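The values are calculated or read from the model by the stated rules, or taken from the named source; none is laboratory data. Bear in mind that the values here come from a model prediction, so they are computed numbers and not experimental data. No Cβ is skipped: glycine too gets one built from the backbone with ideal geometry, and neighbour counts run over all protein chains shown.
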Amino acid sequence: MSSNVVIEARNVVKTFGDIQAVRDISFEVRAGEIFAFLGPNGAGKSTTISMLTTMLRPTSGQLRLNSHDVTREQDSARKSFGIVFQDPALEEELTAYENMKVHAVLYGIPKNQQTERIEELLRLVDLWGRRDSYVKTYSGGMRRRLEIARGLLHHPKILFLDEPTLGLDTQTRNLLWDYVKKLSDSEGMTIFFTTHYLDEAEEVADRIAIIDHGQIVATGTVAQLTKQTDTKTLEEAYLELTGRTVRDETSLANNGLNVRTAMRNRNIR
Amino acid sequence: MDVVYILWLRQMKRYFRSRSRVLGAIGQPVLFLLALGYGIGSVYKKAGQGNYLQFLVPGIILQTLLFSGVFWGIQILFDKRFGFLKEMLVAPVSRLRILLGNALGGATISLLQAILVLIISVALGFRPDNWAYLPLSLLIMVALSLTLTSFGAGIASMVEDFQGFQGINNFLIFPLFFLSSSLYPLTNVPTFLRIASEINPLSYCVDALRYTMIHQHHFALGLDAAVIAATLVICVFFAVNRFDRLQV
């Protein structure tokens, strides 16, 4: 593996009983790249992110973050990334500042740097003035900004964003992508994100991977993908690759269950 | 600042910031104390058993520790449902330390509640046999708060949702409580009830409290202490084991 690859997946498989959520995927993301991971509902995006971020163990195959194996060198891998989860993961009964403080301690940031870094990041996302308000009083956009600030607090090399703009207004979305591009340009941070808004991916991403039915069906720049499918826009290419039928996160392979439900049933059994 | 401390602190902040929770948690034991203490007290006296309130208070202390400890487990479900558990689990920290910080917070809360119930009991007329034994009672309460919070954490790591937790509550926690000797003495009870109580660890917990508070006991204090210690170890092991397998 070359030295500037920071995210590497090799022959990764994840099965839940009979259900194959991810079937032998491999990809590489290079340092400083903005990488979009696209796919219909239930295609395996969330499962892949969960494996990359150490929340799920792959059934087989290898995942490396910043050249640390995510299953064998879990703590080093965990220190290399920050994440903004699909659903908010803030403690609402604490203030924004306290949420940042908990994160700083969890990630072992030296005490004499904590205050300074927290202030710097809360100012970056324009929340310094509201630092002492409880998170439960925050709007959706403010929560997202706080989560981004929190995800960056320990200076990660990689930032995962799992559908970060879901439910945000256009202004906040633009603001968010401006930050992200700035981080990628100035800090050389690697960004890995998923979204259902193809215009975002087209505008922001350096490279794109499209996953469907647990397999990667195409990888490349927007130009490469449109050329490969003989289409004009990313949306057309995407539809060409994944089909036009509507997905409801279920599939016949899973006895008509979506992956999460199938997993849950399996846990009970 | 250490990880365990900050997670403990978070639990305490959550608790003291919601006043309804503070009041709600001691409402049930106080209600039991009033309704049973005064309602059954006179019949109990006529049956020649002495002062029922004296007998009841250690049982109500156990009830407070049991229900607040186990209900604290709901916190884990909340964190799972509302996402904060993910934030903790992807941090470069072992699960053991995460569980420890959170569970110590839960144990502190349930201990505070039990002490509050004890103070209310004294205001209602309860008098310990010998105040010098009070530190020993508190020590037992500390051990029980840790045991029962671990029990709650283990259960919460196993169930999927709030409905599941409700079922555990009705079919496990309430029977455990009613089939301990918390509410009635084991001297003249039917055989099946006596056997059920004797295999229930909670009976030994309340027996130890009763021994140190009012100098009444059914089992030997050494046996009580041994059962409490064993239960503590088993519950902690159960919590660690289940929390380790928790998936979000």
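Quick notes on this one:
- A search for C-beta distances below 6 Å between a residue of segment B:156-174 that is over 20 Å from B:Ile60 (Cα atoms) and any residue that is at pLDDT 90 or above, counting only pairs 6+ apart in sequence or on different chains, returns B:Ser157/B:Arg242; B:Ser157/B:Phe243; B:Met158/B:Arg242; B:Ile168/B:Ile155.
- For segment A:135-167, the set of residues classified as surrounded by fewer than 17 Cβ atoms within 10 Å (Cβ to Cβ) and either of a type in the set (Gly, Ala, Ser) or assigned to a strand (DSSP E or B) (or both) consists of A:Ser139, A:Gly140, A:Gly167, listed by residue number.
- Scanning segment B:192-227 for residues that are buried (at least 19 other Cβ atoms within 10 Å of the Cβ) and either touching a residue at least 60 places away in the same chain (Cβ under 8 Å) or within 14 Å of another protein chain (Cβ to nearest Cβ) (or both) yields B:Leu202, B:Cys205, B:Val206, B:Ala208, B:Leu209, B:Arg210, B:Thr212, B:Met213, B:Ile214.
- Enumeration of residues in segment A:168-187 that are small (Gly, Ala, Ser) and surrounded by 12 or more Cβ atoms within 10 Å (Cβ to Cβ): A:Ser184
- Residue within segment A:224-247 that is of a type in the set (Lys, Arg), under 12 Å from A:Phe37 (Cα atoms) and not in a helix (DSSP H, G or I) present: no
- Tally of residues being hydroxyl-bearing (Ser, Thr, Tyr) and either outside the structural domain of A:Ser46 (by TED's automatic domain parsing) or more than 22 Å from the chain's Cα centre (by Cα) (or both) across segment A:203-245: 5
- Criterion violated by B:Lys86 - all others in (1) crowded, with 22+ Cβ neighbours inside 10 Å; (2) within 21 Å of B:Arg242 (Cα to Cα); (3) at pLDDT 90 or above satisfied: (1)
- The set of residues from segment B:15-48 being under 23 Å from B:Gln63 (Cβ atoms) and within 14 Å of chain A (Cβ to nearest Cβ) comprises B:Tyr15, B:Phe16, B:Ser18, B:Arg19, B:Ser20, B:Arg21, B:Val22.
- Scanning segment A:71-103 for residues that are crowded, with 21+ Cβ neighbours inside 10 Å and either among the β-branched types (Val, Ile, Thr) or in contact with a Cys (Cβ under 6 Å, 6 or more places away or on another chain) (or both) yields A:Ile83, A:Val84, A:Val102.
- Residue match in segment B:101-122 (condition: of a type outside the set (A, V, I, L, M, F, W, C), more than 17 Å from the chain's Cα centre (by Cα), surrounded by fewer than 19 Cβ atoms within 10 Å (Cβ to Cβ) and within 12 Å of another protein chain (Cβ to nearest Cβ)): no
- Condition check for B:Arg97: within 14 Å of chain A (Cβ to nearest Cβ), exposed (fewer than 14 other Cβ atoms within 10 Å of the Cβ), more than 21 Å from the chain's Cα centre (by Cα) and not small (Gly, Ala, Ser): no
For every residue, the table says whether it meets (1) over 30 Å from A:Asn99 (Cα atoms); (2) at pLDDT below 90; (3) not in a helix (DSSP H, G or I); (4) not aliphatic (A, V, I, L, M).
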site: B:Leu36; (1), (2), (3), (4): yes, yes, no, no
site: B:Gly39; (1), (2), (3), (4): yes, yes, no, yes
site: B:Ser42; (1), (2), (3), (4): yes, yes, no, yes
site: B:Lys45; (1), (2), (3), (4): yes, yes, no, yes
site: B:Gly50; (1), (2), (3), (4): yes, yes, yes, yes
site: B:Phe55; (1), (2), (3), (4): yes, no, no, yes
site: B:Ile74; (1), (2), (3), (4): no, yes, no, no
site: B:Phe78; (1), (2), (3), (4): no, yes, no, yes
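- Residue in segment B:191-203 that is over 20 Å from B:Tyr15 (Cα atoms), outside any helix (DSSP H, G or I) and out of contact with any strand residue (DSSP E or B) (no Cβ under 6 Å at 6 or more places or on another chain) present: yes
- Among the residues of segment A:125-176, the one identified as of a type in the set (Asp, Glu), farther than 12 Å from A:Ile83 by Cα and either under 18 Å from the mean Cα position of the chain (by Cα) or modelled with pLDDT of 95 or more (or both) is A:Asp132.
- Counting only helices (runs of 4 or more DSSP H) wholly contained in segment A:74-134, the ones carrying 2 or more residues that are within 7 Å of chain B (Cβ to nearest Cβ) and among the hydrophobic types (A, V, I, L, M, F, W, C) occupy A:96-106.
- Condition check for A:Arg23: under 18 Å from the mean Cα position of the chain (by Cα) and away from chain B (no Cβ under 13 Å): no
- Yes/no for A:Glu92 being among the acidic types (Asp, Glu), at pLDDT 95 or above and out of contact with any Gly (no Cβ under 8 Å at 6 or more places or on another chain): no
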